[in-house]
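One structure is given here, and the rest of the page talks about it.
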Amino acid sequence: MTDRSGTGRPGGRPGPAARPGQGRGTPQAGRSRSPQPARRIAYEVIAAVRESDAYANLLLPVKLERAKLPPADAALATELTYGTLRMQGYYDRVIALAAGRSVERIDAPLLDVLRLGSHQLLSMRVAPHAAVDEAVAQAASVGSRSGAGFVNGVLRTIGRTEPAVWRERVLAEARSADERLAVEHSHPEWVVRAFRQSLAADGREGDLEELLAADNAAPKVTLVALPGVGDDAGPDGEPTEYSPYGYRLSGGDPTRVHSVAAGSSRVQDEGSQLAALALVGARPIEAGERWLDLCAGPGGKAALLAAEARAGGAEFVANELVPARAQLVRTALAAVDPSIQVTELDGRAVGEAEPEAYDRILLDAPCTGLGALRRRPEARWRKQPKDVPELTNLQSELLDSALRALRPGGVLAYVTCSPHLAETRAVLETAVRRGGGRVRRLDARAALHGTRTPLPAGDSDTVQLWPHRHGTDAMFISLVTKVVE
Ligand SMILES: C[S@@+](CC[C@H](N)C(=O)[O-])C[C@H]1O[C@@H](n2cnc3c(N)ncnc32)[C@H](O)[C@@H]1O
């Protein structure tokens, strides 16, 4: 066992080395100064995620923009925020051991500070004195003097022992293989089980650890160059492996990329591009077709579909229930065609209102979002197993409505950014069964014939993308048609 401080705290359960105010080097400095801007911003975002269900990927850029941080500090704030939110489950186990109490018994703001400090000590290898001093300053600014002393004590205890030793101690407490994976890779156990089942259905159960690890790696920013919009040269960056319109940036702020500023390219995961392209590639476009994106907000796939519809002479309509998100769809579509109609209807009513009105429909359904954990690190802690049945009911109702709105012979893409089987195959299979022969599955893999390199073979007519295999979000893509009678 390595002891980084040389103070010799031997193995076994680490005790609460420093109780409030008892720690070595009680934080005098921390009380008199503010935390560094990058750490302050990371703390504010993490606290807002906890207190008001904020989305880190939306709030952080706003705060960075306002603070006008230099690029290196902005990168630090990003790593601190995302890294801490991702690994929160693992850090809580370490904190509980170091504090000698369960994390439920620690004040929430102080726990946020401890998680942020743990990330620096355990994953970023920041020098312990720097990480602890900053955390103490943060604790003093959000809590009491005794709270700052408590943070000082707990983080000093964590910093005295090597990360690998903490890992061993934490894993030694796991009571099952799934709990061990959940703790080590900082995912809720129910998500680990859902991934295991979904991978097994895809014949890849052995990939589970690889998938969990991939969820914890920051993805490179991917852009879509909207076909026929603006500069045909496409954005700077490496072409992605599959989507003919995808580019991967090596780093930097995507809003500074010329084509992004001009509106002809957007940040969009390659999996989302493929989902839209499966609907486009299902059959040749005939001029005059009518297309609908039933749940379009914030408009990423809608923009790509609108560009493809325009190129093929089809009419495109977008719908989004939530008015603020419908507004985002309008903004997303403005560079393609500002005259596109964006309605704000409940998608469940569209089938009845407009039966057999559309030739192609995208239903990118509201879902748990478990396939996008790389980019939305806190989503794993936000969703609960009890959310799944509510979502699958909504998905089924939306799919039934979309099928009613589909013309016989038309194509419907049912898509989720979740690989959870209840949200993917089960919803699809129920709809096909209920269709009683009128609803037929199409081959979504075959519809993706225009990729830069062929997708790896699969034994299903649906496509389940995976972060560890395809470098995309874990998007599920399926296609159905309504039989002409
Ligand atoms: C997965 S997101 C769609 C993402 C979008 N396709 C994109 O690429 O940007 C699902 C959307 O469905 C919307 N939604 C939820 N319930 C709905 C309903 N009953 N009718 C229409 N839209 C709904 C949500 O507000 C959310 O914006």
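The values are calculated or read from the model by the stated rules, or taken from the named source; none is laboratory data. Because the structure is predicted, anything quoted here is derived from the model rather than measured. Note that each Cβ is placed from the backbone with ideal geometry, even for glycine, and that neighbours are counted across all protein chains shown.
Structure data summary
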read-out	value
Enumeration of residues in the range 345-377 that are at pLDDT below 95 and out of contact with any Asp or Glu (no Cβ under 8 Å at 6 or more places or on another chain)	376, 377
Selection from the range 319-363 of residues that are within 9 Å of the ligand (Cβ to nearest atom) and within 22 Å of residue 229 (Cβ to Cβ)	319, 320, 325, 326, 328, 329, 332, 362
Residue satisfying all of: in the range 64-85; in a helix (DSSP H, G or I) and among the charged types (D, E, K, R); nearest to residue 376 (Cα to Cα) among these	79
Any hit, the range 106-119, residues being part of a helix (DSSP H, G or I) and either among the polar types (S, T, N, Q) or under 30 Å from residue 424 (Cα atoms) (or both)	yes
Residue 255, sole failed condition from (1) of a type in the set (Val, Ile, Thr); (2) free of Cβ contacts under 8 Å to residues at least 12 places away in the same chain; (3) in the same structural domain as residue 379 (by TED's automatic domain parsing)	(3)
Count of residues meeting criterion [within 14 Å of the ligand (Cβ to nearest atom) and farther than 30 Å from residue 288 by Cβ] in the range 364-381	10
The range 230-257, subset among the β-branched types (Val, Ile, Thr) and part of a loop (DSSP other than H, G, I, E, B), residue surrounded by the fewest Cβ atoms within 10 Å (Cβ to Cβ)	257
Selected residue (only one of 368, 430, 392, 416 is of a type in the set (S, T, N, Q), farther than 30 Å from residue 49 by Cβ and assigned by TED's automatic domain parsing to the domain that holds residue 475)	430
Count of the range 382-400 residues which are more than 10 Å from the ligand (Cβ to nearest atom), modelled with pLDDT of 95 or more and either charged (D, E, K, R) or touching a strand residue (DSSP E or B) at 6+ places or on another chain (Cβ under 7 Å) (or both)	5
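Conditions tested, residue by residue: (1) more than 28 Å from residue 480 (Cα to Cα); (2) among the polar types (S, T, N, Q); (3) within 16 Å of the ligand (Cβ to nearest atom).
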| residue | (1), (2), (3) |
| --- | --- |
| 217 | yes, no, no |
| 226 | no, no, yes |
| 245 | no, no, yes |
| 253 | yes, no, no |
| 257 | yes, no, no |
| 264 | yes, yes, no |
| 270 | no, no, yes |
| 274 | no, no, yes |
| 281 | no, no, no |
